[in-house]
Amino acid sequence: MKKIVFYIVLSSIMSSIITIAAYKQYTNKEEPLVFPYSSSKTRLSSLGSGSSSLVSSAGFPDFTRVVSKTIHAVVNVKNYSKKYNNQFDPFDFFFGFPDDFGNNRGRKPQKNDIPGLHGSGVIISPDGYIVTNNHVIKDAEKIEITLSDQRTYKAKLIGTDPNTDIALLKINEKNLPFIYFSDSNKVQVGEWVLAIGNPFDLNSTVTAGIISAKNRSLGILRGETSSAIESFFQTDAAVNPGNSGGALINTNGELIGINTAISSASGNFIGYSFAAPSNLVAKVIQDIKKYGTVQRAYLGVRGMDLSKTEYLKAYNKETHQSIKSQQGFLIGEVFEKSGASDAGLKKGDIIKSIDEKPIQNLADLSFIVGTKYPGDKVKVNIIRNRQKKTFHVILKDLQGRTKIRTKEEITPSELLGAIFEPLSQECKKDFGIGYGIRIIEIKTGRLSAIGLEEGDIILSINGEKMKKPNDVDRVLKKYSGDVTIKSIKQNGQVYIAGFEMN
């Protein structure tokens, strides 16, 4: 009997210790999110665990408690850029004039005085890291953040990824409200969601809706980059210009997406909006913060959705086959020396799943591979000649590497995302210059983010003349801080822009 009492008391003590420890973890919000998945311990402690916390006394949905815990973590992002200063905004007549207009009439606007674009951003850590859309801060010469309490800060651009339209910013402040990430793989069609942002520069606007669909590919990013990853949530929560970069949250107050685009011919909301899923966003910003660039893996195939009936008919006619419309991805090309090629995948194979996750279309494929790293091994189930087969593929980066590279291993030229060549004497004569290097190839990186293009000539970096391609790495190797690029555009215009290098 004494033994029984002893075990009961011991069990009670252990249970109490575990409960107290769990409660401390549950209520502690001082540590920033460092991984894409949240659990019950990261949920807002003041929210009820049941649906009763989301229902008013009248029986209608009530999101007031969720909003009160998250709205202050969504900020206004202003992009100050010469490119947009002369553009006319018809909403000025309805919603006021640009910043500094009323108090500074008669004064000639100085550089960076007038913001060209307004968007939104989400604070994701108490020390001031903010995620937004790349298109919100593209070509910015200055980025200004306004909190919900109207405090303003100059933001540093930590990095961008045009492939996902994500950018990471940083302001110098502590103890800021922030939003935890949720596992976007668990999001279900039909569940309630809230969109928080600054449409038409109207601060702290909240709209509600449901997840209308998942894994939508719109093609909107492919004009910016050939390696775009699109697998959006579709929602009917109202999103308008200015909402870009804002938060899409679930009823636990967790971030499940970054609002990115709307489906509209007018530019305003007409029924559907789209958000980048949180798992993909978390992977991108963690890579930017840790490595300075996104560590992207590739399967090494090109092809088409089998749900695209017209394309499938054309393919069948060209190849004399009779493949039926179905869920899956048809491989039309396998790149040499890629992971897919090494594993034995072939043209004509139909990918049905990766790591047991079904592949319905290109959006599924790009999302799953987009959250992986070079060197990761994935299980690919295919159909070949009506036979099921399984392959294990080791993913590689674009250069064929199978390892994650540290900041020290990545050259400044790679971070800039460009390949350079010396200027010919003829080119120097044409532009009337005695030095400079030409951009002959540009990819995702710091230069594309500030508006430089293939054919542009870089004259100097931080005031040092560029005479040969190696000068880029010489000047920026182990450099940390603000970088100023002076260049000549292809039309002869001198262009000065900058970014921060960590």
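The values are calculated or read from the model by the stated rules, or taken from the named source; none is laboratory data. Just so we're clear, the structure is a prediction, and the values are computed from it rather than from any experiment. Reconstructed Cβ throughout: ideal geometry from the backbone, glycine too, with neighbour counts over all protein chains shown. The area values use the complete protein model at the heavy-atom level, side chains included, leaving out ligands, DNA and RNA. Shrake-Rupley method; radii C 1.70, N 1.55, O 1.52, S 1.80 Å.
Residues that are in a strand (DSSP E or B) and either in contact with an Asp or Glu (Cβ under 7 Å, 6 or more places away or on another chain) or of a type in the set (A, V, I, L, M) (or both) within segment 412-445 comprise Ala418, Ile419, Ile437, Arg438, Ile439, Ile440, Glu441, Ile442, listed in sequence order. Sub-6 Å Cβ pairs linking a first residue in segment 234-252 that is within 14 Å of Thr132 (Cα to Cα) and open to solvent by less than 30 Å² (accessible area, probe 1.4 Å) to a second residue that is assigned to a loop (DSSP other than H, G, I, E, B) and not aliphatic (A, V, I, L, M), at least 6 apart or interchain, are Gly242/Asn198, ordered by first then second residue. Looking across segment 266-319, just one residue is aliphatic (A, V, I, L, M) and modelled with pLDDT under 85, and that is Ile270. Do we find a residue being surrounded by fewer than 17 Cβ atoms within 10 Å (Cβ to Cβ), in contact with a helix residue (DSSP H, G or I) (Cβ under 9 Å, 6 or more places away or on another chain) and in contact (Cβ under 8 Å) with a residue 40 or more places away in the chain anywhere in segment 194-202? Within segment 194-202 (the criterion being surrounded by fewer than 17 Cβ atoms within 10 Å (Cβ to Cβ), in contact with a helix residue (DSSP H, G or I) (Cβ under 9 Å, 6 or more places away or on another chain) and in contact (Cβ under 8 Å) with a residue 40 or more places away in the chain), the answer is yes, since at least one residue qualifies. For segment 180-191, a residue qualifies if it is of a type outside the set (D, E, K, R), in contact (Cβ under 8 Å) with a residue 60 or more places away in the chain and touching a strand residue (DSSP E or B) at 6+ places or on another chain (Cβ under 6 Å), and the qualifying residues are Phe181, Ser182, Ser184, Val187. Got at least one residue in segment 400-418 being hydrophobic (A, V, I, L, M, F, W, C) and over 29 Å from the mean Cα position of the chain (by Cα)? Within segment 400-418, none of the residues are hydrophobic (A, V, I, L, M, F, W, C) and over 29 Å from the mean Cα position of the chain (by Cα). Among the residues of segment 401-411, those that are assigned to a loop (DSSP other than H, G, I, E, B) and either modelled with pLDDT of 90 or more or open to solvent by 70 Å² or more (accessible area, probe 1.4 Å) (or both) comprise Arg401, Thr402, Lys403. Once segment 166-186 is narrowed to residues that are closer than 21 Å to Lys78 by Cβ and in contact with a Ser or Thr (Cβ under 6 Å, 6 or more places away or on another chain), the residue that is most open to solvent (accessible area, probe 1.4 Å) is Phe178.
Counting only residues that are in contact with a strand residue (DSSP E or B) (Cβ under 8 Å, 6 or more places away or on another chain) and surrounded by fewer than 18 Cβ atoms within 10 Å (Cβ to Cβ), segment 470-497 holds 9 of them. Close contacts from segment 312-330, counting a first residue that is free of Cβ contacts under 8 Å to residues at least 12 places away in the same chain and a second that is of a type outside the set (A, V, I, L, M) and in a loop (DSSP other than H, G, I, E, B), with Cβ to Cβ under 7 Å and a gap of 6+ residues or different chains, come to Asn316/Ser322. Kindly indicate whether Leu447 is in contact with a Leu (Cβ under 6 Å, 6 or more places away or on another chain) and closer than 15 Å to Pro162 by Cβ. Yes: the conditions hold for Leu447.
So Lys154 fits all but one of (1) surrounded by fewer than 18 Cβ atoms within 10 Å (Cβ to Cβ); (2) modelled with pLDDT under 85; what number is the exception? For Lys154, the failing item is (2). Tell me, which residue of segment 370-387 that is open to solvent by 20 Å² or more (accessible area, probe 1.4 Å) and under 17 Å from Gln327 (Cβ atoms) is modelled with the highest pLDDT? Of everything passing the filter in segment 370-387, Asn381 is modelled with the highest pLDDT.
So, in segment 333-342, exactly how many residues are open to solvent by 30 Å² or more (accessible area, probe 1.4 Å) and outside any loop (DSSP other than H, G, I, E, B)?
Qualifying residue count for the region: 4.
Selection of segment 452-468 for residues being surrounded by fewer than 19 Cβ atoms within 10 Å (Cβ to Cβ) and part of a loop (DSSP other than H, G, I, E, B) yields Glu453, Glu454, Gly455, Asn462, Gly463, Lys467, Lys468. Output the residues belonging to segment 185-206 that are modelled with pLDDT of 90 or more and not small (Gly, Ala, Ser). Passing the criteria: Asn185, Lys186, Val187, Gln188, Val189, Glu191, Trp192, Val193, Leu194, Ile196, Val206. Residues that are outside any loop (DSSP other than H, G, I, E, B) and open to solvent by 70 Å² or more (accessible area, probe 1.4 Å) within segment 314-332 comprise Lys317, Glu318, listed in sequence order. Please go through segment 478-502 and give me each residue that is charged (D, E, K, R) and either modelled with pLDDT under 80 or part of a loop (DSSP other than H, G, I, E, B) (or both), ordered by number. If the condition is that a residue be charged (D, E, K, R) and either modelled with pLDDT under 80 or part of a loop (DSSP other than H, G, I, E, B) (or both), then Lys478, Lys489, Glu500 are the ones that fit. Please tell me if Leu398 is part of a loop (DSSP other than H, G, I, E, B), open to solvent by less than 70 Å² (accessible area, probe 1.4 Å) and hydrophobic (A, V, I, L, M, F, W, C). Against the criterion (part of a loop (DSSP other than H, G, I, E, B), open to solvent by less than 70 Å² (accessible area, probe 1.4 Å) and hydrophobic (A, V, I, L, M, F, W, C)), Leu398 does not qualify.
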